[in-house]
Amino acid sequence: MNFNSLEFLIFLPLVVILYWVLPHKARWIMLLIASYIFYMLWNVWLIVLIMITTVTAYVAGIIIERTQDKRVKTASLVITLIICLGLLIFFKYINFILESAVGVIRLFNAEQDSIVLNIILPVGISFYTFQTLSYVIDVYRGDYKAEKHFGYFALYVSYFPQLVAGPIEKPQTLLPQLREEQKLKEEDILAGGKWLLSGFFRKCVVADFCGIFVNNVYGDLANANALAIFAASALFLVQIYNDFAGYSEIALGCARLMGVKLSKNFDRPLTSTSYTEFFRRWHITLNQWFTQYVYIPLGGNRKGTARKIINILIVFALCGLWHGANWTFVLWGLASGVIMSIETLLRKPFAKLCQKTKIDLENPVVRVIRQILLIIMFTLCSVLFRSGNMAEVGLAYSGMFSGWGIGEDYVNNAMNSLGMDVSQLLQLFIFIVGMAAIYRLTLEPSDSKLPLAEAKSYALNMSVFIYGITAIMLCWIGLLSMGDSSAFQYFQF
């Protein structure tokens, strides 16, 4: 079930009402049933995979905690990794692996045919697999006690607000909240409503609106000029950010309506001034997962600079591969890892140079310049993320780095490729400004950098609510009528 579907507009209020009407002891049962229904509406047979993952991790956690034999503990962890990662690798990467193998064979035998398997990618498998593994690894490390109640554990794995696209929750943050008897609070309902407003606005207004122009250019790269390709790539960065941040905020809103606080997955990443800062603010829970369960076990930054660089490259290559079974994602991950490695090597020399030349990196003008440079870098890298294959990557980059021009005709050609006119450009500007206002509205006093009184004034500004809801309704209806309303981009990952 998509968040941006009419079915969900019926499903969510019904679940929330039942949650608060039922006694605490019955709530987990209702939520587990609702979560399984939510997931089975994608494909009823996918429930088998999530049950295999759930049972495997639950049994492994119990065995790891109860046994004193180190070999049994390790064997339980390894078996869980093999089963859970095995399912993920098979369903997500088997065709990619076979096609890569065929590509190597073709170097020696040009007549080798392609191999294509018609395997459905189970939605959300990357997210609930990583969440389940974090539980088993934490129990193995002694960082968390094994959950004895199978029902609560099954709910932890399948909790519908964050099931298919995160945030990836550690057991320490989610399981206790699912067990706790939540009380109906006005502040939770208000906060949940604001997160839902912000999330739907990001997805249905900003992301889907940008997606129309991105698709126009990437659907016909051969006839797009450099300005059009660069503009479409920049808009894709805005699209993918608001698409995924929108999903995450809807998830936060759904859970908050039931008193549960999920982890924030984004913290204004496009205002960052460095790659390191960007990835601390972008898809926060995934980056924390790779840091805790891959980067640190590899040695982190404890074994010298050379080893640190190797670890960064490994983590980012895996992160790229996690996003999709395509060499474009691997290259995106490696490119990001290389840039972050360069930042790591140059950080101290650059700081000393700025100190000698008396350049204040926190000066507002300097910060804006750094932010613009970072956005340009990410726009260039977003070509790898958006392109469907390596041929498309080559076409996009060759078009972007050649044929730049000036003049009204050149700009008009770019606008024609985008399918955008002046009124739509103005719409986009209004939407982005509106997004900034709605984001500030969702800030709670504890999260806000604003003075408390100012934060409250935003919370009471009903005009922002009215604008946001009206824009969502109009854009949603318009996109549905044109057939351009899309599923969340991160569902494919």
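Keeping all protein chains in place and using 1.4 angstrom, which order do H24, H323 fall into by accessible surface area, from largest down?
The ranking, largest first, comes out as H24, H323.
Please state the charge dipole magnitude for the chain, taken about the Cα centre, from unit charges on C-beta atoms (+1 on K and R, -1 on D and E), reported in debye and rounded to the nearest 20.
Computed about the Cα centre, the dipole is about 2040 debye.
Over 27 Å between Cα atoms: which of K170/K348; K148/K183; K148/K261 fall into that group?
K170/K348
In nm, give the distance between the simple-model label positions of V433 and E180, each being 7 Å from the Cα along the Cα-to-Cβ direction.
Once both label points are built, they end up 4.0 nm from each other.
Could I have the simple spin-label model distance between K264 and N223, label points 7 Å from Cα toward Cβ, reported in nm to one decimal?
4.5
On average, how much area does the Cα convex hull of region 19-69 cover when viewed from any direction, in nm²? Numbers along the way, then the final one.
On the way: hull surface 19.4 nm².
Over all viewing directions, region 19-69 projects a mean Cα-hull area of 4.8 nm².
At a 1.4 Å probe, what is the % contribution of carbon and sulfur to the accessible area of the chain?
67
Along its principal axes, what span do the Cα atoms of region 202-279 show, with the longest given first and each in whole Å?
51, 29, 13
Could you give me the percent of Cα pairs per 10 Å distance bin for region 310-443, shortest bin first, beginning at zero and ending with the bin that holds the maximum distance?
10, 23, 31, 30, 7
Return the tail of the calculated pair distribution for region 166-232, meaning the percent of Cα-Cα pairs more than 20 Å apart.
Tail fraction, whole percent: 60.
Extending each Cα 7 Å along its Cβ direction at N416 and V368, get the distance between those two points in nm, one decimal.
3.5
Could you tell me the distance between the Cα centroids of region 15-37 and region 259-285, to the nearest Å?
The two parts, judged by their Cα centres, are 30 Å apart.
Under 1.5 on a/c is rounded, so check that first for region 127-213, then, if it is not, pick prolate when a/b is larger than b/c and oblate when it is not; a ≥ b ≥ c are the square roots of the alpha carbon gyration tensor eigenvalues.
It comes out oblate by the Cα gyration axes.
Where in region 36-79 does the label zone of L18 land, with the point 7 angstrom along Cα→C-beta and an amide N cut-off under 11 Å?
36-38
What's the longest piece of the chain with no exposed trypsin sites (Lys or Arg not before Pro), counting a site as exposed if DSSP puts it in a loop and it has at most 16 other beta carbons within 10 Å?
The longest uninterrupted stretch comes out as 1-144.
Would you mind getting the Kirkwood hydrodynamic radius of region 144-188 from its Cα pairs, rounded to one decimal in Å?
Values: mean 1/r = 0.0859 Å⁻¹.
With all distinct Cα pairs of region 144-188 included, I get 11.6 Å.
Scale the Cα Rg of the chain by the rule-of-thumb value 2.2 N^0.38 Å and send over the ratio, two decimals.
1.02
Using only the alpha carbons of region 216-341, determine the length spanned along each of the three principal axes and report them from longest to shortest in whole angstroms.
The principal-axis extents, from largest down, are 49, 45, 30 Å.
Per residue, how much accessible area does the chain have with a 1.4 Å probe, in Å²? Mind dumping the intermediate values first?
Numbers: 23140 Å² over 493 residues.
It amounts to 47 Å² per residue over the chain.
If R₀ is 22 angstrom, what is the calculated FRET efficiency for the pair S100 and I314, using the beta carbon separation as r and rounding to 0.05?
It comes out at approximately 0.75.
Looking at region 271-365, I'd like the Rg to Rh ratio, where Rg is from alpha-carbon atoms and Rh is Kirkwood's inverse mean 1/r.
1.02
The values are calculated or read from the model by the stated rules, or taken from the named source; none is laboratory data. Since the model is a prediction, treat every value here as computed from it, not as a measurement. Glycine gets a Cβ as well: all are built from the backbone with ideal geometry, and neighbour counts include every protein chain shown. Areas reflect the complete protein model, heavy atoms only, side chains present, ligands, DNA and RNA absent. Shrake-Rupley method; radii C 1.70, N 1.55, O 1.52, S 1.80 Å.
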